[in-house]
Amino acid sequence: MNKFHGTGVAIISPFKQDRSVDHEGLKNVIDHLINGGVEYIVSLGTTGESVTLNSEEKRAVWDTTISHVNGRVPLVAGIGGNNTAEVLKDLKKFDDKGFDAILSVCPYYNKPTQEGIYQHYKIIAEESPLPIILYNVPGRTGINMNAETTLRLAHDCRNIIAMKEASGNFDQFNKIIKDKPEDFLFISGDDAIALPLISMGAVGVISVIANALPGIFSTMVRMCLDGKFIEAQPLHHSLTEFTSLCFAEGNPGGVKSAMKNIGICEDHMRLPLVKISDVTENKIKAQLELLNMI
């Protein structure tokens, strides 16, 4: 699945001042990403504020995304949840035309056991019309999918092709990369550690900050995939402070602020998320100036 090597972007959902979806803004974002050289786009993941969109809005976002991307890059749809039966219903209703895979987050809040996580993903993989990318992000879900469960799914379910890992646990990363099937893709879920994870065997990253800086970030990732880690270090270090600031008051507030200042779209959010503070925004603007983005 070489189409998922490199930089994928968990694309934001732009909103108008009245908090309706800004479809023209979404088109601007898509063009910004593709012109910046990213390899693929993930639509309606966490960064896309998917939990605040209803089913009709989600379908409209997907329709705009498919139409405007127009085959220029592969597309991944975010479909997941903590009610397995509802996820299966969503998959059954999902029109997969134009998409290449589904990113499905580990069940959150109700804290299933590792066996529960395994059974959840197993039935989703059996029912999904598209390949599944697992997504482990315990900082958001409240539960960690451990290495043993990930490897069990990778070996047992041919329709599960990859893992987006955002646990921050390098011991866990090592175990998965060491023992996974050869064709199972390990994808970084953290911008800040994309470089070291690629050196360990990751095939790339599903990024947040590349929404704002697709050119710089995707160049750094490609350099790493070419084994040019020393040459990539200056780019990596130039992004460290910007990355930290983008998450300082939660995601996607920081990166939306950056995109407003670059001139791509507005930074409106849907409650319970709100815009970042002026203090943090000014720091982000200073980093954008250092990066010659404004």
Item to check | From phi via Karplus (6.51, -1.76, 1.60), per-residue ³J(HN,Hα) for segment 276-291 in Hz, x at Gly/Pro | outcome: 6, 6, 4, 4, 5, 4, 5, 5, 5, 4, 5, 5, 4, 5, 5, 8
Checklist entry - What ³J(HN,Hα) values, in whole Hz, does the Karplus curve 6.51 cos²θ - 1.76 cosθ + 1.60 give for segment 101-118 when θ = phi - 60°, with x put for Gly and Pro? => result 6, 10, 9, 10, 6, 4, x, 10, 6, 7, 6, x, 6, 4, 5, x, 4, 4
Checklist entry - Once both labels are modelled 7 Å past Cα along the beta-carbon direction, what's the residue 70-residue 55 spacing in nm? => result 3.1
Item to check | Calculated from backbone phi, Karplus (6.51, -1.76, 1.60) coupling profile of segment 142-155 in Hz, x at Gly/Pro | outcome: x, 9, 9, 7, 6, 4, 5, 5, 4, 5, 4, 5, 4, 7
Checklist entry - Hey, which lysines would be in cross-link range of residue 178, C-alpha to C-alpha under 26 Å, not counting anything within fewer than 8 residues on its own chain? => result 3, 122, 164, 228
Item to check | About the Cα centre, charge dipole magnitude for segment 150-294 (Lys/Arg +1, Asp/Glu -1 at Cβ), debye | outcome: 220
Item to check | segment 79-119-segment 1-50 distance, computed between alpha-carbon centres (Å) | outcome: 21
Checklist entry - In a solvent-free Debye calculation with one equal scatterer on each Cα, what is log10 I(q)/I(0) for segment 112-152 at q = 0.14 Å⁻¹, listed in the order of the q values? => result -0.31
Item to check | Helix-derived mean residue ellipticity, 222 nm - over the chain, DSSP H n ≥ 4, -39500 (n - 2.57), to 500 | outcome: -13500 deg cm²/dmol
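Tell me, what is the percent relative contact order of the chain, built from C-alpha pairs under 8 Å that lie six or more residues apart? Intermediate results must be reported in sequence, preceding the final value.
On the way: 535 pairs, mean separation 55.3, N = 294.
That works out to 19 percent.
To the nearest 20 debye, what charge dipole does the chain have about its Cα centre, counting +1 at the Cβ of each Lys and Arg and -1 at the Cβ of each Asp and Glu? Provide the component values of the computation, followed by the final result.
On the way: 28 positive and 35 negative charges, 33 e Å.
Here the chain has a charge dipole of around 160 debye.
Order of 17-29, 77-89 by packing, highest average Cβ count within 10 Å first? Can you show the working numbers first?
Numbers: 17-29: 15.8, 77-89: 18.2.
Ranking the peptides 17-29, 77-89 by packing returns 77-89, 17-29.
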Checklist outcome for this item: Given backbone amide H placed at 1.01 Å from N, residues whose amide H is under 5 Å from that of residue 185, ignoring those fewer than 5 places away on the same chain, are 162, 163
Checklist entry - Can you list residues whose amide H is under 5 Å from residue 45's amide H, if they're 5+ apart or on another chain and H is modeled 1.01 Å from N? => result 11, 78
Checklist entry - Using 14 Å as the cut-off for backbone N distance, which residues of segment 83-116 belong to the label zone defined by a point 7 Å from the Cα of residue 148 along Cα→Cβ? => result 113-116
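In nm, what is the difference between 0.36 nm times the number of residues separating residue 233 and residue 170 and their Cα-Cα distance?
Numbers: separation 63, 0.36 × 63 = 22.68 nm, distance 1.96 nm.
That works out to 20.7 nm of additional length.
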Checklist entry - For residue 256, which lysines qualify as cross-link partners when the Cα separation must be under 17 Å and same-chain residues fewer than eight apart are set aside? => result 16, 27, 275, 283, 285
Next on the checklist: For the chain, report the % of Cα-Cα distances exceeding 23 Å.
Outcome noted: 52
Next on the checklist: Could you tell me the center-to-center distance, by alpha carbons, between segment 213-284 and segment 129-202 in angstrom?
Outcome noted: 23
Item to check | Distant-in-sequence amide H partners of residue 82 (H built 1.01 Å from N, under 5 Å) | outcome: 108
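If you take every residue apart from residue 277 with its C-beta less than 11 Å away from the C-beta of residue 277, what net charge results, scoring Lys and Arg +1 and Asp and Glu -1? Intermediate values should be presented prior to the final figure.
Details: positive: 275, 283; negative: 249, 278, 281.
Its environment carries a net charge of -1.
Read-outs throughout are calculated quantities, based only on the coordinates presented, and are distinct from any laboratory measurement. Everything quoted here is computed from the prediction, not taken from an experiment. Cβ: placed from backbone, ideal geometry, glycine included. Neighbour counts: every protein chain shown.
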